[in-house]
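Worksheet: one structure, shown below.
The values are calculated or read from the model by the stated rules, or taken from the named source; none is laboratory data. These numbers were taken from a predicted model, which means no experiment stands behind them. Counting neighbours? That spans all protein chains shown, and the Cβs are built from the backbone with ideal geometry, glycine included. Keep in mind that these areas ignore ligands, DNA and RNA; they rest on the heavy atoms of the full protein, side chains included. Shrake-Rupley method; radii C 1.70, N 1.55, O 1.52, S 1.80 Å.
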Amino acid sequence: MGRSSEPSNTRNAGTAPCRIAVDDRTIAGHAQDIRLRLYRPLIGLTVPALLYLHGGGFTSGSLEEAETAAAAIAESVPALVVSVGYSLAPAHCFPTAAHDAHQAALWTLAEARDLNIAKGGLGVAGHDAGGHVAASLTFLARDQGEVDIRAQALLGPMLDPSLTRAGDAQAMQCDVPATAYARCYRAYLPDAAQRVHPYAAPLDSRRLAGLPPTLIVTAQKDVLRIEAEQYAANLIGAGVPTEVTRFPAISHAALPGHRPALLAVADFFRRRLSPADGRGVPV
């Protein structure tokens, strides 16, 4: 369904537990072809798989900007990480990004044998708007039943188009004010009626049961911290196994490059996606 290039490089992150190979694919998305970048651990075993969705407020961001986070997670779990270059607003509005992520998940599952992916479903992680897309994907997967999402990790996610729970940027010493997120939501959700759709406003959803175990990662200096932690409370109230980790003295933009945050994400997926004995199958 797409074209691919053979891995041309491997990398070693010093203290990382394994080396990885990187290659790109192109697949059919919801409205146009989208790029995927695969980070494959070179350990000779089957590994779990997860999608990574970059930030950028729905209007920017790229596979290149997601490199640090995607590679670190792949090395540390270890897992096959599929970084998704979903379509951007305003050219491609809601729900295109979420459906692109769904297409990427279906493609990953279809290619499981060739990619040496272990059985047991997928994980999904995302930062900023990517956290919103990841959350939307879990709703889609639960409701449509075609994709088994076993765990999600949301880093500083955008979850509330109303922004009524946003913190005070000046008081919190934040790097991004709520007004910037408002512009992003207007680009992705140009029709005001869309902003109450449960896939567009996860924080206000009243149907959270059946969503996968969740890790919410927040930064102390982030106007979105309050809504992200409220979403965690909502998930817990719905019976969803949920963990929350807040990192002090860092900003929203710093999260996807913050090594302790990425290690927390890797530890979460290692516990939620890996086989019970912690070992894969030789390939």
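Using a Gaussian network model of the chain whose springs link C-alpha atoms within less than 10 Å, name the residue from 47, 196, 77 with the highest mean-square fluctuation.
196
Could you give each residue of region 185-197 its phi-based ³J(HN,Hα) in whole Hz, using Karplus coefficients 6.51, -1.76, 1.60 with θ = phi - 60°, and x for Gly or Pro?
5, 5, 6, 7, 10, x, 8, 4, 5, 5, 6, 10, 5
Could you work out how far apart the two model spin labels at residue 148 and residue 26 are, taking each label as a point 7 Å from the Cα in the direction of the beta carbon, and quote it in nm?
Each label point is offset 7 Å from its Cα along the Cβ direction, giving 3.3 nm.
Report the residue, chosen from 129, 253, 180, that carries the largest GNM mean-square fluctuation when the chain is represented by alpha-carbon nodes joined by springs under 10 Å.
Residue with maximal mean-square fluctuation among 129, 253, 180: 180.
Give me the percent of Cα-Cα pairs in region 139-269 that sit more than 22 Å apart, rounded to a whole number. Numbers along the way, then the final one.
On the way: 3261 of 8515 pairs.
Value for region 139-269 (Cα pairs over 22 Å): 38 percent.
Using packing as a proxy for protection, rank 18-28, 100-110 so that the peptide with the highest average count of other Cβ atoms within 10 Å comes first. Walk me through the intermediate numbers first.
Values: 18-28: 17.8, 100-110: 21.7.
My ranking of the peptides, most packed first, is 100-110, 18-28.
Treating each Cα of region 117-183 as an identical point scatterer and ignoring solvent, apply the Debye formula and state log10 I(q)/I(0) at q = 0.22 Å⁻¹.
The Debye formula, applied to the Cα set alone, gives -0.92.
If you place +1 on the Cβ of every Lys and Arg, -1 on the Cβ of every Asp and Glu, and leave all else neutral, what size is the dipole of the chain about its Cα centre, to the nearest 20 Debye? Before the final figure, lay out the partial values.
Numbers: 25 positive and 26 negative charges, 84 e Å.
That gives the chain a dipole magnitude of about 400 debye.
Explain nothing, just the number: dipole magnitude of region 35-139 about its Cα centre with +1 on each Lys and Arg Cβ and -1 on each Asp and Glu Cβ, in debye rounded to the nearest 20. Don't skip to the answer; put the middle values down first.
Working: 5 positive and 8 negative charges, 58 e Å.
Magnitude of the dipole: close to 280 debye.
Please work out the average accessible area per residue across the chain, using the 1.4 Å probe convention, and give it in Å².
Details: 11380 Å² over 283 residues.
With all protein chains present, the chain gives 40 Å² per residue.
Using protein chains only and a probe of 1.4 angstrom, how many square angstrom of residue 231 are accessible, to the nearest 10?
Accessible area, nearest 10 Å²: 0 Å².
So what is the 222 nm mean residue ellipticity for the chain from helices alone, if each DSSP H run of at least 4 adds -39500 (n - 2.57) and you divide by all residues, rounding to the nearest 500 deg cm²/dmol? Write down the numbers at each step before the final one.
Working: 7 runs with 84 residues, N = 283.
That calculation yields -9000 deg cm²/dmol at 222 nm.
Using alpha carbon coordinates only, what is the Rg to Rh ratio of region 41-83, with Rh defined as the Kirkwood radius? Intermediate values should be presented prior to the final figure.
Working: Rg = 11.5 Å, Rh = 11.0 Å.
Ratio of gyration radius to Kirkwood radius: 1.05.
Expressed as a whole percentage, what fraction of the accessible surface of the chain belongs to carbon and sulfur atoms when a 1.4 Å probe is rolled over the protein heavy atoms?
Working: 5730 of 11380 Å².
Its accessible area is 50 percent carbon and sulfur atoms.
Residues with amide H under 5 Å of residue 250's amide H, sequence separation 5 or more or different chain, H placed in the peptide plane at 1.01 Å from N; which?
When sequence neighbours closer than 5 places are left aside, the close amide H contacts are 220, 221.
With no solvent and one point per C-alpha, what does the Debye sum give as log10 I(q)/I(0) for the chain at q = 0.09, 0.10, 0.12 Å⁻¹?
The computed values of log10 I(q)/I(0) come out as -0.37, -0.46, -0.67.
Please name which of 89, 169, 59 has its Cα lying farthest along the dipole of the chain towards the positive end, using unit charges on Cβ (Lys, Arg +1; Asp, Glu -1) and the Cα centre as origin.
169
Once both labels are modelled 7 Å past Cα along the beta-carbon direction, what's the residue 226-residue 68 spacing in nm?
2.8 nm
I need the per residue convex hull volume for region 37-179, using only the alpha carbons, in cubic angstrom as a whole number. Numbers along the way, then the final one.
On the way: hull volume 16.6 nm³, N = 143.
Value for region 37-179: 116 Å³ per residue.
Please identify, among 121, 239, 29, the residue showing maximal mean-square fluctuation in a Gaussian network model of the chain using a 10 angstrom Cα cutoff.
Fluctuation is largest for 239.
For residue 170 and residue 110, what does the FRET efficiency come to when R0 = 45 Å and r is the distance between their Cβ atoms, rounded to the nearest 0.05? Let's see the in-between values first.
Working: r = 48 Å, r/R0 = 1.08.
Efficiency for this residue pair is about 0.40.
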